[in-house]
Amino acid sequence: MKKTIALASRITGNDRGSLGLHPAIYFYGPTGRHSSAMFLGSITLFSEKLVQNNKSFFTKFTAVRAGLEEILVINKDLIATILQKHISHKRVNIFKELLDNVVTHLSEGKEITQDDLIVFSQLDGKLISGDVQSSSSKITDEQKSKLFINVALKNALTCPICNGYLDVDKSVSYDHIERVREGGSGSANNVQLTHPYCNQSIKQ
Ligand SMILES: [Zn+2]
């Protein structure tokens with residue numbers, strides 16, 4: 001039970017160390033429907049890293065977070081197709097591995113293509129990235145997905161420390177740009193919104 005609470009507070013909320021994952025990016029499919037494979041895949045990945053006390057993973061994740069989130073947003077349709085190609089009980093692990101691989105590759109300075117995402121998802125040879133564009137040529141689906149992601153992220157702020165998206169409703173930290181101990185004031189122009197993790201773990 002304690003572990004579950006520790007994990008939940010690492011994923012969302014205002015607690016110390018919270019990554020404040022934006023649900024539209026990590027938990028929702030292209031048409032705005034909650035994806036249990038994405039949700040549980042994200043939870044499982046961070047849970048494993050916490051249990052391993054793998055601090056360097058969280059440092060790496062934060063360093064590449066903006067790039068990772070861009071990949072997740074741009075490739076929502078492809079990722080949904082990838083998950084559908086797997087039988088349902090494998091999907092959680094597939095999404096977990098996909099996230100883990102993208103973080104590792106980005107932190108090694110590698111670019112990631114759609115073909116890489118297919119390889120990470122163990123669908124090499126079974127799915128080619130061109131398939132997705134043609135299968136999603138139904139304009140309505142594409143419009144729906146663009147509408148969802150545009151609406152979800154339209155007013156979303158990004159964290160000035162990692163440039164990842166902020167879930168302002170659930171998970172922010174008020175960071176003094178100039179530290180209080182160095183004479184910074186609490187006035188609005190010295191305060192910025194950040195992820196709790198970024199404020200507490202990266203900046204300190
Ligand atoms: Zn951040």
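When the test is whether a residue is modelled with pLDDT of 85 or more, assigned to a loop (DSSP other than H, G, I, E, B) and either away from the ligand (no atom under 16 Å from the Cβ) or surrounded by fewer than 13 Cβ atoms within 10 Å (Cβ to Cβ) (or both), LEU117 does not pass it.
Within the stretch 59-77, being surrounded by 19 or more Cβ atoms within 10 Å (Cβ to Cβ) and within 15 Å of the ligand (Cβ to nearest atom) holds for PHE61, THR62, VAL64, ARG65, LEU68, GLU69.
Checked against (1) assigned to a helix (DSSP H, G or I); (2) open to solvent by 50 Å² or more (accessible area, probe 1.4 Å), PHE95 passes all but a single condition, namely (2). Tallying residues that are under 18 Å from the mean Cα position of the chain (by Cα), open to solvent by 50 Å² or more (accessible area, probe 1.4 Å) and more than 10 Å from the ligand (Cβ to nearest atom) within the stretch 150-200 yields 8. Whenever a residue of the stretch 11-25 is surrounded by fewer than 24 Cβ atoms within 10 Å (Cβ to Cβ), its partners that are part of a loop (DSSP other than H, G, I, E, B), lying with C-beta atoms within less than 7 angstrom and at least six residues away or across chains, give the pairs ILE11/LEU19; ILE11/LEU21; THR12/SER18; THR12/GLY20; THR12/LEU21; THR12/LYS170; GLY13/LYS170; ASN14/VAL172.
The values are calculated or read from the model by the stated rules, or taken from the named source; none is laboratory data. Since we're looking at a predicted model, the values are computed, not measured. Note that each Cβ is placed from the backbone with ideal geometry, even for glycine, and that neighbours are counted across all protein chains shown. In case anyone asks, the SASA skips ligands and DNA or RNA and just uses the protein heavy atoms, side chains included. Shrake-Rupley method; radii C 1.70, N 1.55, O 1.52, S 1.80 Å.
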